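Some notes on the structure that comes next.
The values are calculated or read from the model by the stated rules, or taken from the named source; none is laboratory data. As the structure is a prediction and not an experimental result, all values here were calculated from the model. Cβ atoms come from the backbone with ideal geometry, glycine included; neighbour counts cover every protein chain shown. Accessible surface areas use protein heavy atoms only, side chains included; no ligands, DNA or RNA. Shrake-Rupley method; radii C 1.70, N 1.55, O 1.52, S 1.80 Å.
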Amino acid sequence: MHSYELMPYEIVKAYGAKELGDDELLAVFIRTGTKDENAVSVANRILNSFPERNLLGLCHIPWRELMKIPGIGEVKAIRLKCLAELAGRISKAEAKKGLRFDRPDTVWRYYKESLRHEERERVLLIMLDQKLQLIADAVLSIGTIRESVLSPRELFLTALGEKAVQIMLLHNHPSGDPEPSRADLEITERVRMLGAMMEIPLVDHIIIGDKTYCSMRENGYFNENVYPAG
């Protein structure tokens, strides 16, 4: 290994990891380059392959696509995808502390990056306490690009298992348009009615599109508004 490939390590030891650039951070996990390029140069190739040239690209690129970049084999590609997943989980764990889902845009900001690039619909159940704080979430179904299948029975069994006091539904539209479909409206009304009967009210159903969302409660698809004023 050339001495300049050790630079990120030396920077961390002397100044801390916060002093590393994105390319240098990636280089630490790539470890080695090719016979013509060091690890930092390979890291720059990775960043340059993303439209916005930032580390968020790692969350969305398939690991097999990473292997098309010179210097990235199967092991390195999988290592980088695991790094992106780890970073995402740490970020969500940190964001979860004291988080209250009292506004739909808060829900959207928390989940948008993990859902808006999905090619198939994912339906999430968000389980909340009395203060609209997040207890847990769960993937209820993964559908085709056209539709997803949701079981109200499974939904409420999951909510009861987590001792949820209130629930939300959340899913993405791969088309990018968050406007609810007829099926969305029907399942939402069914869950809302069942939730009222079981005293586990459905607070909202939020659909995530591309850089936008639709709160079905905010947009008048529910009869009453449970979001706090202001």
State the percentage of accessible surface on the range 1-92 attributable to carbon and sulfur atoms; use a 1.4 Å probe and exclude ligands, DNA and RNA.
-> 57
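Rounded, prolate or oblate: which fits the range 78-217, taking a ≥ b ≥ c as square roots of the Cα gyration tensor eigenvalues, rounded meaning a/c under 1.5, else prolate when a/b beats b/c?
Numbers: a/c = 1.62, a/b = 1.17, b/c = 1.38.
Since a/c reaches 1.5 but b/c is at least a/b, the shape of the range 78-217 is classed as oblate.
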With a 1.4 Å probe and all protein chains in place, put ILE207, ILE61 in order of accessible area, largest first.
-> ILE61, ILE207
Counting each DSSP H run of 4 or more residues in the chain as -39500 (n - 2.57), what helix-only mean residue ellipticity at 222 nm follows after dividing by all residues, to the nearest 500 deg cm²/dmol?
-> -13000 deg cm²/dmol
Starting at the first residue of the range 28-37, write each ³J(HN,Hα) from the Karplus equation 6.51 cos²θ - 1.76 cosθ + 1.60 with θ = phi - 60°, in whole Hz, x for Gly and Pro.
-> 4, 8, 6, 6, 10, x, 10, 5, 9, 9
Where is the GNM fluctuation largest for the chain (alpha-carbon springs, 10 angstrom cutoff): TYR110, TYR213, TYR15?
-> TYR15
Inter-site label distance for GLU85 and GLU118 at 7 Å from Cα along Cβ, in nm | 1.6
Solvent-accessible heavy-atom area per residue, rounded to whole Å², over the chain at 1.4 Å = 58
From most to least accessible, 1.4 Å probe, no ligand or DNA/RNA atoms counted, VAL75, VAL28, VAL191 line up as VAL75, VAL28, VAL191
Nearest 10 degrees, 0 to 90: what angle lies between the long axis of helix 39-48 and the longest principal axis of the chain (Cα atoms)?
-> 40
For the chain, with +1 on Lys and Arg beta carbons and -1 on Asp and Glu, the positive-most of SER215, PHE156, TYR9 along the dipole | TYR9
Extending each Cα 7 Å along its Cβ direction at CYS59 and MET198, get the distance between those two points in nm, one decimal.
-> 3.0
